[in-house]
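What follows is a single structure, written as C-alpha cells, with notes after it.
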Amino acid sequence: GDSVTQTEGLVTLTEGLPVMLNCTYQSTYSPFLFWYVQHLNEAPKLLLKSFTDNKRPEHQGFHATLHKSSSSFHLQKSSAQLSDSALYYCALSDDTNAYKVIFGKGTHLHVLP
Amino acid sequence: EAGVTQSPRYAVLQEGQAVSFWCDPISGHDTLYWYQQPRDQGPQLLVYFRDEAVIDNSQLPSDRFSAVRPKGTNSTLKIQSAKQGDTATYLCASSPEQFFGPGTRLTVL
C-alpha cells in the first residue's frame, strides 16, 4: 500500500540558513504529494501540492519538486525565518483515489535566532 | 468563507465514558474526513464520507467508534466507551484540498 516516510523527527537550524525537510514515498499508482504545516495548537494547513505537469509548487518561500525516479518530494526554503518553526507533514494520495490522503509522521522544524 | 468548525474544543473523560464530536464542514464541500492525531504523530485517517455515504471506514475501531453524516453536511464522531489509548486530537477536514478544523483535544484518564 501507499506510505510516506519522513526520516527526521526534529530539524534545528539558525535563522537565515537554508531548510530542507526530507520526504520519500511508496505508491503503486501515480502519486499526488502534499506538504502541510501545523503551528503550535493549530490545525494542519496545506502548504504545497505537487502538479501533474511537473511544475514546481511554491508558497511562502517554500518549494518542493516531485522526483518520481527517487520517489521524493523534499521541502526546501532558501532562508529560514523564526516564524517557520512548526510541524511539517508530507502527505500522499494517488490517482485511484485522490480523496484518500496518507500522512507521514511529521518533522518538527525549530528555527533559532 | 467560514472554515471547518468543530466542537467541543476539549474533552476530558474517565475510561468507559462516551463522547461525541461534531463537525461542520465548509459549505459545498462534499467530502468530509475524520482523523485521529495522537500526540507527536501525524493525522491518521479514521473515516471519510462523500455526501452522506461512508467511503472508507476501514481504520475506524468499529466496536467503539461510530461516525455519521446523515444529510451530507454536518458529521458526528462518537466513542462509546473511551480508553486511555484514545487520548488524541480528533481532526475534521473537508475537501477539496483537506481544509482542517481546529480539532477536539480528548484526554481519557
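Bear in mind these aren't lab numbers, they're just calculated from the coordinates by the rules spelled out. Please read these numbers as outputs of a predicted model, since none were measured by experiment. For neighbour counting, all protein chains shown are included, and Cβ atoms are generated from backbone atoms with ideal geometry for every residue, glycine included.
Here the extension length gained between B:SER62 and B:ASP40 equals 5.5 nm, from 0.36 nm per residue of separation less the Cα-Cα distance.
For the stretch B:1-104, trypsin sites (Lys or Arg not before Pro) are listed when DSSP marks them as loop and at most 13 other Cβ atoms sit within 10 Å of their Cβ; the list is B:ARG9, B:ARG39, B:LYS71, B:LYS83. Distance from the Cα centre of the stretch B:63-101 to that of the stretch A:66-113, in angstrom? Answer, in whole Å: 24.
Farthest towards the positive end of the charge dipole of the stretch A:1-104, among the residues A:TYR88, A:LEU47, A:LEU13, is the Cα of A:LEU47, using unit charges on the Cβ of Lys, Arg, Asp and Glu. Could you work out the relative contact order of the stretch A:41-113? I mean the mean sequence separation of Cα pairs under 8 Å and 6+ apart, divided by the number of residues, in percent. RCO, the stretch A:41-113: 20 percent.
Look at the alpha carbon pairs under 8 Å that are at least 6 residues apart: their mean separation over the length of chain B gives a relative contact order of 38 percent.
Placing a pseudo-label 7 Å from each Cα along the Cα-to-Cβ vector at B:LYS71 and A:THR65 gives an inter-label distance of 5.0 nm. For the stretch A:1-83, the relative contact order works out to 33 percent when only alpha carbon pairs closer than 8 Å and six or more residues apart are counted. Give me the one-decimal nm value for the distance between modelled label points at A:GLN81 and B:VAL54, 7 Å along each residue's Cα-to-Cβ direction. Simple spin-label model gives 4.4 nm for this pair.
Straight Cα distances below 18 angstrom link A:LYS77 to the lysines A:LYS45, A:LYS49, A:LYS55, with same-chain residues fewer than 8 positions distant left out. In the stretch B:5-108, taking the dipole from charged Cβ atoms about the Cα centre, the farthest positive-side position among B:VAL19, B:GLN44, B:GLY103 is held by B:VAL19.
Counting other Cβ atoms within 10 Å of each Cβ, which chymotrypsin sites (Phe, Trp or Tyr not before Pro) in the stretch A:1-73 have at most 13 and sit in a DSSP loop? Taking the stretch A:1-73 and a limit of 13 other Cβ atoms within 10 Å, the loop chymotrypsin sites (Phe, Trp or Tyr not before Pro) found are A:TYR29, A:PHE51. FRET efficiency for the pair A:TYR29 and B:GLU15, taken as 1/(1 + (r/R0)^6) with r the Cβ-Cβ distance and R0 = 41 Å, rounds to 0.50. Each Lys and Arg contributes +1 and each Asp and Glu -1, all at the Cβ; summed about the Cα centre of the stretch A:3-112, the dipole is approximately 160 debye.
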